[in-house]
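Here, each number is a calculation from the coordinates, and none is a lab measurement. Predicted model only: the values in this text are computed from it and were never measured. Cβ placement follows ideal geometry from the backbone for every residue including glycine, while neighbour counts extend to all protein chains displayed.
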Amino acid sequence: MKNPVMVASGTFGYGPEYADLVDLDRLGAIVVKGISPRPVTGNPPPRTVETAGGLINAIGLQNPGIEGFVRDTLPFLRRHDVPVIVNIWGRTVEEYEEVAAGFEEVEGIAGLEVNVSCPNIKEGRGLFSNDPALLRKVVSAVRAKTRRPLIVKLAPDLSRIAQFARAAEECGADAVSLINSIPAMAIDVETRRPKLGNVTGGLSGPAIKPIALKMVWEAVRAVRIPVIGIGGIACTEDALEFLLAGAQAVGVGTANFLNPVAALEIAAGIGEYLARNGMSSVRELLGGLRP
Ligand SMILES: Cc1cc2nc3c(=O)[nH]c(=O)nc-3n(C[C@H](O)[C@H](O)[C@H](O)COP(=O)(O)O)c2cc1C
């Protein structure tokens, strides 16, 4: 990576959507929207709603499937000089295996990020991300199918984030990224209906940053593998907070919708901060939190 700032999955399309606005080659990495084995149409609208300091989304993991992505988008991304990380998901452990295996021989992919915030339809026990045993199962299964760098994207868990991060590390993850959006909802009091077609969704944006920062700080102390900090990062200072907490890289998500060049501005801002503080590398900053 040329710099430690990547764009977070689902907030930057697959790349081409932003290409007229952003010099993609200057990003640390592009994490594309989550891909499942086959195409998915997603949830009924409305799929997003603004809230104080944030956004609630319930896209429903719409995506073109492996074949559609490899055929329609990857050739475009391959022409750019930026690491492409493919975010993957499934509804069963077998689907996670299928999508990881499906990308194994495909060129132009720097790594996989496994989104475990998905309902487990087979065993019907809620989300993969809510159950340490299921998380282990899915990470081990994906690990067995890929030699590529493997990032496990953790869901927010107020009391057990260290446990989940350790489980991912023990099952072969090369890095963990956190946090995914926080379960949330909004109601229109005039119609008395939920504001989202799916009723509930995931909260992201500045509202979640302090919560994400605390979880990242906890995860950093729980594992030896790199931690990628995500959650409400909108400016340089936000990103620096995560790096000082020990994250080795950051992901910019919801901020892309307000300011498409946010990630580039943040990368430049980190460089300026390092220079101002007499540091030559971001490594000198990592975990530099003073007591
Ligand atoms: C519209 C939208 C779509 C998202 N889609 C995905 C996805 O497909 N896979 C995933 O792992 N995370 C997805 N996320 C979560 C983000 O990557 C990120 O973890 C979360 O939004 C918190 O960061 P932020 O506050 O900077 O947006 C999505 C978020 C938003 C707002």
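Sites listed here are trypsin sites (Lys or Arg not before Pro) in segment 186-291 whose DSSP assignment is loop and whose Cβ has at most 11 other Cβ atoms within 10 Å: 192, 224. Multiply the residue separation of residue 17 and residue 71 by 0.36 nm, subtract the distance between their alpha-carbon atoms, and state the gained length in nm to one decimal. Gain in length upon complete extension: 17.8 nm.
Quick one: of the DSSP bridges fully inside the chain, what percent are antiparallel, nearest 5? Walk me through the numbers before you get to the answer.
Working: 15 of 41 bridges.
Bridges in the chain that DSSP calls antiparallel: roughly 35 percent.
Distance between the modelled labels on residue 50 and residue 268, one decimal in nanometres: 2.5 nm (7 Å Cα→Cβ projection).
Modelled this way, with points 7 Å down the Cα-to-C-beta line, the labels at residue 110 and residue 78 are 1.8 nm from one another.
Over the residues of the chain, the helix contribution to mean residue ellipticity at 222 nm works out to -9000 deg cm²/dmol, using -39500 (n - 2.57) for each DSSP H run of at least 4.
The separation of segment 233-291 from segment 131-177, counted between C-alpha centres, amounts to 25 Å. On full extension, the segment bounded by residue 136 and residue 283 gains 49.9 nm, given 0.36 nm per residue less the C-alpha separation. Each of 264, 154 was scored by other Cβ atoms within 10 Å of its Cβ. Arranged with the fewest first, they read 264, 154.
Structure note, pairs 137/195; 122/195; 2/137; 33/137: Cα-Cα distances above 26 angstrom occur for 137/195; 122/195; 2/137.
Once the chain from residue 144 to residue 235 is taken as fully extended at 0.36 nm per residue, the excess over their C-alpha distance is 29.0 nm.
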